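Novice: Sharing a structure here in structure tokens format.
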Amino acid sequence: MSGVDRENSNTRHPSKQIVILGSGFAGIEVLKNLQKKLSYKNVEITLVSKDNFILFTPMLPEVASGMIETRHVVTTVRSFCKHANFYEANVESIDLDGKQIVITHTIGRQSQPSDWREHTLKYDYLVIALGSENNFFGISEIEANAFTMKNIDDAIILRNHMINILEQANLEQDNHDLRKSLLTFVVVGGGFSGVETVGAVNDFVRESIKQYYPNIYMSDVRVILVSATDKILEQIDEGLGKFALEKLKEGGVEFIMNTQVKGATKNKAILHDDTVISCYSLIWTAGVTPNKLIANLQCEHDKGHRIIANDYLEVPAHDGVYALGDCASITDPHTGKPYPPTAQHAIRQGKVAAKNIVSAIKGKREGKKKKFDYKTKGMMAEIGKRTGVAILFGRIRLHGFLAWWLWRSYYLANLPTAKKKLKVMGDWTSDLLFKPDVSQVS
């Protein structure tokens, strides 16, 4: 593989090697900005990711509900690689002192590989933007039995499961208890992901029953959100959180507040007070954490195992290493707290990290380092069909149709390519005109 085992072929490569780990919002933004500002004759840029696409995560709940087609929220990484290498591989280890990375990839069929190959990348500058993974807080029962909403596979699996559950419930005419258990959907987590997921699940299940399953009684359906606190959407605003809660209640969602889920089996969720909810659909959105590679990296971490980065997004004591996105802990100078792990922050961090790398390569005469100092422009959540909540610039509060329209407009504008924008617009238009699709696809 050309350009990979660089320790054996340094003379064939440009003077500076930049390696970006991760193809999320932060990693792709670094890549785009570096390619604009640096000459590819003097620098080689390499991006490594286990996926060969960037996933537009804000629209995952709409993929799970079938409103948006799967491929319309993913864009191939290679469409951004104008003067850069891309390797689809797993990052096995990072040696910050030796300035090298070990990556691995499969040979042959991905599900049943005939071999694993290992390669080493040397770097002068490293950007760590490996995101996060689901945090089950050490509860193996939940990890084994819950659905999640973190990647594109999760959305596909959940959608197929919901449709299959409706088909099963349609057959169980005589066993009322089993039928009610099948039609009980429990979402854990009162943050953005949980609230948007419960809204999408509720709309999809009830609309599908209304259109296709006349033998299923709507009174048998339970969609429940379990929150560990007495509020939802605490990141936005207490008043808007209350509006979202009441609006979801109007749509049929039940809430269990100040409660944690402590266990699960294939057909039940167990609450911390030993209450048992009979269900076959437990969806976990209660937290994220960096992966073990990040947590075990030889550098400073915060209590959540995220890499601590300074105001310039640099990892202290490791020259040329930057951390950003979900796996980084960067302190907001205005609040003294870490910036939230949102897409808008990751994109801005990517721009700043790229600028600082360019400044370091070109020298002090041609540029100065830039601090990351960003005030959140706003936060929004979609809480069901044509309903949303939003807070803009910390003081403008919106809810209902206007907030929903703003949510759609903002995220449509931020989709990576014109092609994807048109496809998503087509999906939304189709959803307005036609019944939901209950075909199971893999």
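Novice: Give the residue, chosen from 377, 420, that is on the phi < 0 side of the Ramachandran plot, at pLDDT 95 or above and among the charged types (D, E, K, R).
Specialist: Values: 377 fails: at pLDDT 95 or above.
One residue alone meets the criteria, 420.
Novice: In addition: Filtering the range 226-261 down to residues that are part of a loop (DSSP other than H, G, I, E, B) and among the hydrophobic types (A, V, I, L, M, F, W, C), which residue is nearest to residue 284 (Cα to Cα)? Before the answer, list the steps.
Specialist: As a first pass, look at the range 226-261 and keep what is part of a loop (DSSP other than H, G, I, E, B): 227-237, 251-252, 257-260.
Now restrict to residues that are among the hydrophobic types (A, V, I, L, M, F, W, C): 228, 232-233, 236, 257.
Details: 228: 12, 232: 15, 233: 16, 236: 21, 257: 15 Å.
Of everything passing the filter in the range 226-261, 228 is nearest to residue 284 (Cα to Cα).
Novice: Taking the condition surrounded by fewer than 24 Cβ atoms within 10 Å (Cβ to Cβ) and farther than 18 Å from residue 20 by Cα, does residue 312 pass?
Specialist: On the way: surrounded by fewer than 24 Cβ atoms within 10 Å (Cβ to Cβ): yes; farther than 18 Å from residue 20 by Cα: no.
The answer is no for residue 312.
Novice: Quick test of your reading of the structure: residue 29 fulfils all but one of (1) under 16 Å from residue 358 (Cβ atoms); (2) at pLDDT below 95; (3) under 16 Å from the mean Cα position of the chain (by Cα). Name the failing condition by number.
Specialist: (2)
Novice: If residue 294 passes every condition in (1) surrounded by fewer than 16 Cβ atoms within 10 Å (Cβ to Cβ); (2) touching a residue at least 40 places away in the same chain (Cβ under 8 Å); (3) assigned by TED's automatic domain parsing to the domain that holds residue 338 but one, which one does it miss?
Specialist: (1)
Novice: Restricting to the range 181-209, and then to whatever is under 25 Å from the mean Cα position of the chain (by Cα) and among the charged types (D, E, K, R), can you tell me which residue is surrounded by the fewest Cβ atoms within 10 Å (Cβ to Cβ)? Reasoning before the result, please.
Specialist: So the first thing to find is which residues in the range 181-209 are under 25 Å from the mean Cα position of the chain (by Cα), and the list is 185-205.
Next, from what is left, pick out any that are among the charged types (D, E, K, R): 196, 203.
Numbers: 196: 28, 203: 23.
Here the answer is 203.
Novice: Scan the range 349-367 residue by residue and report those that are surrounded by fewer than 21 Cβ atoms within 10 Å (Cβ to Cβ) and either closer than 17 Å to residue 23 by Cβ or under 20 Å from the mean Cα position of the chain (by Cα) (or both).
Specialist: Selection gives 351 alone.
Novice: Quick check on residue 406: is it within 30 Å of residue 71 (Cα to Cα), surrounded by 15 or more Cβ atoms within 10 Å (Cβ to Cβ) and either touching a Gly at 6+ places or on another chain (Cβ under 9 Å) or of a type in the set (A, V, I, L, M, F, W, C) (or both)? Working first, answer last.
Specialist: Numbers: within 30 Å of residue 71 (Cα to Cα): yes; surrounded by 15 or more Cβ atoms within 10 Å (Cβ to Cβ): yes; either touching a Gly at 6+ places or on another chain (Cβ under 9 Å) or of a type in the set (A, V, I, L, M, F, W, C) (or both): yes.
When the stated conditions are applied, residue 406 passes them.
Novice: Just to verify a result, which residue in the range 148-180, among those that are among the basic types (Lys, Arg) and in a helix (DSSP H, G or I), is surrounded by the fewest Cβ atoms within 10 Å (Cβ to Cβ)? Before you say what the answer is, go through the steps one by one.
Specialist: Step one: of the range 148-180, the residues among the basic types (Lys, Arg) are 150, 159, 179-180.
Add one more test, that the residue is in a helix (DSSP H, G or I), and what stays is 159, 179-180.
On the way: 159: 23, 179: 20, 180: 18.
Across the range 148-180, the extreme among qualifying residues is 180.
Novice: Follow-up question, since we're still on this one. Out of all the residues in the range 397-418, is one or more in a helix (DSSP H, G or I) and more than 27 Å from residue 75 (Cα to Cα)?
Specialist: Taking the range 397-418 as the starting set, the residues that turn out to be in a helix (DSSP H, G or I) are 401-414, 418.
If we keep only those that are more than 27 Å from residue 75 (Cα to Cα) too, we end up with 401-402.
Yes, the range 397-418 contains a residue that is in a helix (DSSP H, G or I) and more than 27 Å from residue 75 (Cα to Cα).
Novice: Yes or no: the range 342-355 includes at least one residue that is in a loop (DSSP other than H, G, I, E, B) and in contact (Cβ under 8 Å) with a residue 12 or more places away in the chain.
Specialist: Restricting attention to the range 342-355, the residues satisfying the condition of being in a loop (DSSP other than H, G, I, E, B) are 342.
Cutting the leftovers down to in contact (Cβ under 8 Å) with a residue 12 or more places away in the chain gives us 342.
Yes - at least one qualifying residue is present in the range 342-355.
Novice: How many of the residues making up the range 144-177 are in contact with a strand residue (DSSP E or B) (Cβ under 9 Å, 6 or more places away or on another chain) and more than 19 Å from residue 65 (Cβ to Cβ)?
Specialist: Taking the range 144-177 first, the residues in contact with a strand residue (DSSP E or B) (Cβ under 9 Å, 6 or more places away or on another chain) are 144-152, 154, 157-158, 161-162, 165, 177.
Narrowing further to those that are more than 19 Å from residue 65 (Cβ to Cβ): 144-145, 177.
Number of matching residues: 3.
Novice: Answer yes or no as to whether residue 294 is of a type in the set (A, V, I, L, M), part of a strand (DSSP E or B) and at pLDDT 95 or above.
Specialist: On the way: of a type in the set (A, V, I, L, M): yes; part of a strand (DSSP E or B): no; at pLDDT 95 or above: yes.
It is false that residue 294 is of a type in the set (A, V, I, L, M), part of a strand (DSSP E or B) and at pLDDT 95 or above.
Novice: Further question: Restricting attention to the range 376-396, and to residues there that are assigned to a loop (DSSP other than H, G, I, E, B) and surrounded by 15 or more Cβ atoms within 10 Å (Cβ to Cβ), which single residue is farthest from the chain's Cα centre (by Cα)? Show your work before the answer.
Specialist: First pass over the range 376-396, keeping only residues assigned to a loop (DSSP other than H, G, I, E, B): 376-377, 385-386, 393-395.
Checking the rest, the ones that are also surrounded by 15 or more Cβ atoms within 10 Å (Cβ to Cβ) come to 376, 385.
On the way: 376: 18, 385: 21 Å.
By that ranking, first place goes to 385.
Novice: I want to confirm something. Restricting to the range 262-291 and keeping residues that are part of a loop (DSSP other than H, G, I, E, B) and surrounded by fewer than 18 Cβ atoms within 10 Å (Cβ to Cβ), which single residue is modelled with the lowest pLDDT?
Specialist: 287
Novice: Restricting the search to the range 102-116, which residues are without any contact (Cβ under 8 Å) to a residue 40 or more places away in the chain and under 16 Å from residue 46 (Cα atoms)?
Specialist: Listed by number, the residues that qualify are 102, 104, 105.
Novice: Could you identify the single residue in 325, 384, 304 that is touching a strand residue (DSSP E or B) at 6+ places or on another chain (Cβ under 9 Å), within 20 Å of residue 235 (Cβ to Cβ) and outside the structural domain of residue 38 (by TED's automatic domain parsing)?
Specialist: On inspection, the qualifying residue turns out to be 384.
Novice: Can you tell me which residue is nearest to residue 236 (Cα to Cα) among those in the range 191-219 that are without any contact (Cβ under 8 Å) to a residue 40 or more places away in the chain and hydroxyl-bearing (Ser, Thr, Tyr)? Before you say what the answer is, go through the steps one by one.
Specialist: Of the residues in the range 191-219, the ones without any contact (Cβ under 8 Å) to a residue 40 or more places away in the chain are 210, 214, 217-219.
Okay, now just the ones that are also hydroxyl-bearing (Ser, Thr, Tyr), so 217, 219.
Values: 217: 35, 219: 32 Å.
Of everything passing the filter in the range 191-219, 219 is nearest to residue 236 (Cα to Cα).
Novice: Across the range 72-94, what is the number of residues that are in a helix (DSSP H, G or I) and either at pLDDT below 95 or under 27 Å from residue 320 (Cα atoms) (or both)? Walk me through it before giving the result.
Specialist: The initial filter retains those residues of the range 72-94 that are in a helix (DSSP H, G or I), namely 72-73, 77-79.
Subsequent filtering for residues that are either at pLDDT below 95 or under 27 Å from residue 320 (Cα atoms) (or both) retains 77-79.
Of the residues in the range 72-94, 3 are in a helix (DSSP H, G or I) and either at pLDDT below 95 or under 27 Å from residue 320 (Cα atoms) (or both).
Novice: Suppose we keep only residues that are of a type in the set (S, T, N, Q) and under 20 Å from residue 297 (Cβ atoms) within the range 98-136. Which one would you say is surrounded by the fewest Cβ atoms within 10 Å (Cβ to Cβ)?
Specialist: In this case the residue turns out to be 104.
Novice: Go through the range 388-421 and give me each residue that's under 15 Å from residue 196 (Cβ atoms) and out of contact with any Leu (no Cβ under 8 Å at 6 or more places or on another chain). Reasoning before the result, please.
Specialist: Restricting attention to the range 388-421, the residues satisfying the condition of being under 15 Å from residue 196 (Cβ atoms) are 388-390, 399, 403-404, 406-408, 410-411.
Correct list: 403, 404, 407, 408, 410, 411.
The values are calculated or read from the model by the stated rules, or taken from the named source; none is laboratory data. Since this is a predicted model, take the numbers as computed values, not measurements. Reconstructed Cβ throughout: ideal geometry from the backbone, glycine too, with neighbour counts over all protein chains shown.
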